[in-house]
1. Efficiency by 1/(1 + (r/R0)^6): what FRET value for B:HIS224 and B:GLN95, r their Cβ-Cβ distance, R0 = 25 Å, to the nearest 0.05?
2. So what is Rg over Rh here for region B:165-247, counting just Cα atoms and using Kirkwood for Rh?
3. Which cross-chain or sequence-distant (5 or more) residues have an amide H under 5 Å from the amide H of B:ALA54, H modelled 1.01 Å from N in plane?
4. Take chain B, drop everything but the C-alpha atoms, weight them equally and run the Debye formula without solvent; then report log10 I(q)/I(0) at 0.08, 0.15 Å⁻¹ to two decimals.
5. Using modelled amide H (1.01 Å from N, peptide plane; none on Pro or chain starts), what sits under 5 Å from the amide H of B:MET290, excluding residues fewer than 5 places away?
6. Are there cysteines in chain B with no second cysteine's Cβ under 4.7 Å away, and if so, which?
7. Any idea what the alpha-carbon Rg over 2.2 N^0.38 Å comes to for region B:304-348?
8. Could you point to the residue in B:GLY75, B:VAL200, B:ALA259 farthest towards the positive end of the protein assembly as shown's charge dipole, with +1 and -1 charges on the Cβ of Lys/Arg and Asp/Glu respectively?
Amino acid sequence: MTRAEQLAALRADVDALAHADEATVLAALPQWDSLAILLVVSHFEHVHEIEITGAQVRACRTVGDILNLIPSLS
Amino acid sequence: MHSSLSNIRLAGLAVTTGSVVRDFIADGLAVGVDRAALERTAKTIGLRERRVAAAGITALDLCADATERLLSEMGLDATSIDAVIFVTQTPDHAQPNNASLLHGRLGLSKSAPAYDLAMGCSGWVTGLHQAALLCAHGGAARVLLCAGDTLSRLTNPGDRSTDPLFGDAGSATLVEKTGRSAPLHFVLGADGSGAEAIMVKQGGARQPTGPLTERTDAEGNRTHDANLVMNGADVFSFTLREVPGAIESVMRHAGYVPATTDTLVLHQANRFILSTLAKKTGFTEAQTPMSVVEHFGNQSSTSIPCALIHCLGDRLEAGPLKVVGCGFGVGLSWGAFAGEIGPLTIAPILSLPR
């Protein structure tokens, strides 16, 4: 998958990110909460088969930072 | 750890819930949460309403009620019970344990030992293993397993990430020695390195009762050290990491595959986790009961017996069913089981007080 495809897949799974781009600051999103973090963890598990922690997601500032958690793209 | 125990059977099940119905959307609106955000969470997690204990009602009361109704349904006298195991993390007192208090309340025989297991959502399976051990190898003919909690008392109403999840309930399970040879298989495990993912810091010997300072996290959730605090994302990661393997392992020991197994009964944490686990282990959603949490909330160690009654009661009374199950949670810990359950006696799910 290209990085653009990864972003599209993430946006499809996590409704809080539905209209976000790579530069979007997570804290500025009204729906960026513990449920959204859980959905990101789930997305990584079933799409990328990568186990990430909630702390890793909370440490991300932008959507691009989330994509950087995928080893092949970072 | 794997263990297979023969010549035992589940003879009866009963669950008593708290009587106070709490509505997820109404509660959220009352504390100023946006309706769209509540509906989004309700849909994803599967929250609708839950039942919590009325003031003065404890897990001991709920389990005692379930036990009395089950014994009555089965026409048994309490003195026929050879041991009582009580799974709880919300006992009436620091000492004595709940099992001893229940022993006295029911008038059990002095030859019947009584002990607690301080476990949460995985506790019913561990308790079932203990009860089965006592019947298979310990000289008991009938063991009472009670599992119950009142976790709603430990959460902070200002913690919207945890408080809306939990319901209060207690269960009674009777396990009996039998001539039947088909074994019940267990796989039990723990990962203490993740112990702080679900925690109530205050109230034990390390951090006794004292002044409480409320703190607010980045999302505005308020908690203090006497509250149950849960890192939901980390618990979810743990669940995906450990539970599918435990289920696959216990199914290997039982010689089960999803296509010929009647049901996968999981700890009813929330619909999102259950749906993910069903998918990962090869079970269909139709095989996997998920509706307990939307009617009763996450009931800790009572959720598996509640799912067995609420979703499979009629089929288990007629039984047997090939059942695979798994509890998982605080510790972090897990317990999976596989085997034939039923026919057994079921007392209906009722609330206390009625």
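Rule-based calculations on the coordinates, nothing more; no lab input. All figures in this text were calculated on a predicted structure; none of them were measured in a lab. Glycine also receives a Cβ, built like all others from the backbone with ideal geometry; neighbour counts cover every protein chain displayed.
1. In this case the efficiency is close to 0.50.
2. 1.10
3. Placed amide hydrogens put B:SER19, B:VAL20 under 5 Å from B:ALA54.
4. -0.35, -1.31
5. Those lying under 5 Å, H to H, from B:MET290: there are none.
6. By the Cβ distance rule, which asks for a partner under 4.7 Å, the isolated cysteines are B:CYS121, B:CYS135, B:CYS306, B:CYS311, B:CYS326.
7. 1.26
8. Final value for the positive-end residue is B:GLY75.
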